[in-house]
There are 2 protein chains.
Amino acid sequence: MVSSTAEKPKKKRAGQYHHGDLRRALIDQALQTIDREGAEGLTLRGVGDALGVSRTALYRHFSDKQALIAAVAREGFRTLRIALLDAWERQAHGFPGLEAMGEAYVQFAIAHPSHYRVMFGRFVESGLRDPELIQEAGAAFQALLDALLELQREGLARPDDPPTQARFVWSVVHGVAMLAIDGQLRECHDNGAGLIEYAVRRIQAAITTAVRM
Amino acid sequence: MVSSTAEKPKKKRAGQYHHGDLRRALIDQALQTIDREGAEGLTLRGVGDALGVSRTALYRHFSDKQALIAAVAREGFRTLRIALLDAWERQAHGFPGLEAMGEAYVQFAIAHPSHYRVMFGRFVESGLRDPELIQEAGAAFQALLDALLELQREGLARPDDPPTQARFVWSVVHGVAMLAIDGQLRECHDNGAGLIEYAVRRIQAAITTAVRM
DNA sequence: ACCTGAACACCGTTCAAGT
DNA sequence: ACCTGAACACCGTTCAAGT
């Protein structure tokens, strides 16, 4: 930190002349709108109005609309990673931990479908301009990779190439999640709960070293 | 067919006063645009211009833009189903046939990423207004279900609830496909080819009755 | 029946101007 | 430094009017 002039960072009270942290408020408002109305329902005019601010005010904090969405996506990967780690710890690791991670993953997507879609849509384009998004996504993936590495070390999971094994597991839960939020499981009377349970069991069967499930 | 008046169905030559089958031309043009520029690049003005027709001409054949997209999605499920059945037959059924189906599935998505996204995006909303879309998607799913039923009958696949088993397999290939086209496999030096191979093998391990893979 | 062109109500983004 | 309001170039959709 370079010692600056006499000016301390101003902490303006909320509701006063604009915001103390408009950037933060914009992200929160965008996330709220996305969760409620979907990403298509997100307009710069809308977030501006909701915050009592001009529709062009956000250009002081984000290069464009896509950058705002990328920031929302970043938050999503962070929340997801924490949920995964929490599930893993709560079940004290092992295959029960991996199952819990899988269920937590799909539940996050079902609870926040629009947010989840935003995390994966336009990922490449957004990632090129927002390295922190890629970093945050990588951290979430790392949580899964670490779990599998531990299972392999304990001789529970097959000693396959770890990144490939992790991407396979990711594919299953991502596939279930996407099918669920896109309405492709509408014929399941239980709204996909049975499939999630089946899927995590079959993941275990697919990567275990044990002879029988 | 009710015998009509003296008027035979006019077969206008292309390039002449509009089209003999504008509906067909609109779908083809929309598909081409989607494949080339993505679904966001699809504008009614664009397809109209490309066909030498007003931008509102399509309202004679489709209720709105979403209905046009739904028609494109329908074509996609049809093409996908044919590709799956072809792969299944070419490998003479069995697990080799199932593996080939899985690879054909992912390859379709990678070859036509925007088309594939359109097939699953807004599926519910589109399906409510376009029952044929749901029917075509169901037919594609049925191809997979039939394959698994045969494997179960032969004692090769576990006798689990067939729709659940089919949705699980679908989730894996859908997950791989979505991750691939959304750029989440960019760190794979082989662009995901190894993952696809690994995934179809692990699917087999997950649903087989055999003790060892 | 089928298509057009003007009009309408929206967008994201730019930019000169305010404080 | 930060924000505004008018303006610009786009959208999808509607509708009276043409043929």
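A few comments on the model shown:
- In the range B:98-122, the residues that are buried (at least 20 other Cβ atoms within 10 Å of the Cβ), within 17 Å of A:M178 (Cβ to Cβ) and more than 12 Å from the chain's Cα centre (by Cα): B:G102
- Some residue of the range A:95-102 being in contact with a Ser or Thr (Cβ under 6 Å, 6 or more places away or on another chain) and more than 16 Å from DNA strand C (Cβ to nearest atom): no
- Single residue of the range A:48-91 satisfying the filter (away from DNA strand D (no atom under 16 Å from the Cβ) and of a type in the set (D, E)) that is farthest from A:D28 (Cα to Cα): A:E89
- Candidate set: the range B:141-162, residues that are surrounded by 16 or more Cβ atoms within 10 Å (Cβ to Cβ) and within 11 Å of another protein chain (Cβ to nearest Cβ); chosen: the one farthest from A:A199 (Cα to Cα): B:F141
- In the range B:41-60, the residues that are of a type in the set (G, A, S) reach residues that are near DNA strand D (Cβ under 6 Å from one of its atoms) and not in a helix (DSSP H, G or I) with C-beta atoms within less than 8 angstrom, at least six apart or across chains, in these pairs: B:G48/B:R55; B:G48/B:T56.
- Of all residues making up the range A:45-77, the number that are under 19 Å from A:R117 (Cβ atoms) and of a type in the set (A, V, I, L, M, F, W, C): 9
- Extreme residue, farthest from DNA strand C (Cβ to nearest atom), among residues of the range A:33-58 that are part of a helix (DSSP H, G or I) and surrounded by fewer than 14 Cβ atoms within 10 Å (Cβ to Cβ): A:R36
- Tally, over the range A:17-46, of residues that are farther than 20 Å from A:I110 by Cα, away from DNA strand D (no atom under 11 Å from the Cβ) and not hydroxyl-bearing (S, T, Y): 4
- Subset of the range B:59-78 [surrounded by fewer than 16 Cβ atoms within 10 Å (Cβ to Cβ) and assigned to a helix (DSSP H, G or I)]: B:Y59, B:R60, B:K65, B:Q66, B:R78
- The set of residues from the range B:117-146 being modelled with pLDDT of 95 or more and among the aromatic types (F, W, Y) comprises B:F120, B:F141.
- Considered as a group, the residues in the range A:148-173 that are of a type in the set (D, E) and outside any helix (DSSP H, G or I) include one that is farthest from A:M119 (Cα to Cα), and that residue is A:E154.
- Matching residues in the range A:59-81 - criterion: being within 14 Å of DNA strand C (Cβ to nearest atom) and within 14 Å of another protein chain (Cβ to nearest Cβ): A:K65, A:Q66, A:I69, A:A70
- The residue that is farthest from B:G102 (Cα to Cα), among those in the range A:174-199 that are part of a helix (DSSP H, G or I), of a type in the set (A, V, I, L, M, F, W, C) and more than 7 Å from chain B (Cβ to nearest Cβ), is A:A193.
- Residue count, the range B:200-209 (criterion: more than 7 Å from chain A (Cβ to nearest Cβ) and basic (K, R)): 1
- Contact annotation: residue pairs with Cβ atoms under 8 Å, 6 or more positions apart or on different chains, pairing a residue in the range B:116-138 that is within 12 Å of chain A (Cβ to nearest Cβ) with a partner that is among the hydroxyl-bearing types (S, T, Y), are B:L133/B:S126.
The values are calculated or read from the model by the stated rules, or taken from the named source; none is laboratory data. Small disclaimer: the values here were computed from a predicted structure and weren't measured. So basically every Cβ, Gly included, is an ideal-geometry build from the backbone, and we count neighbours across all protein chains shown.
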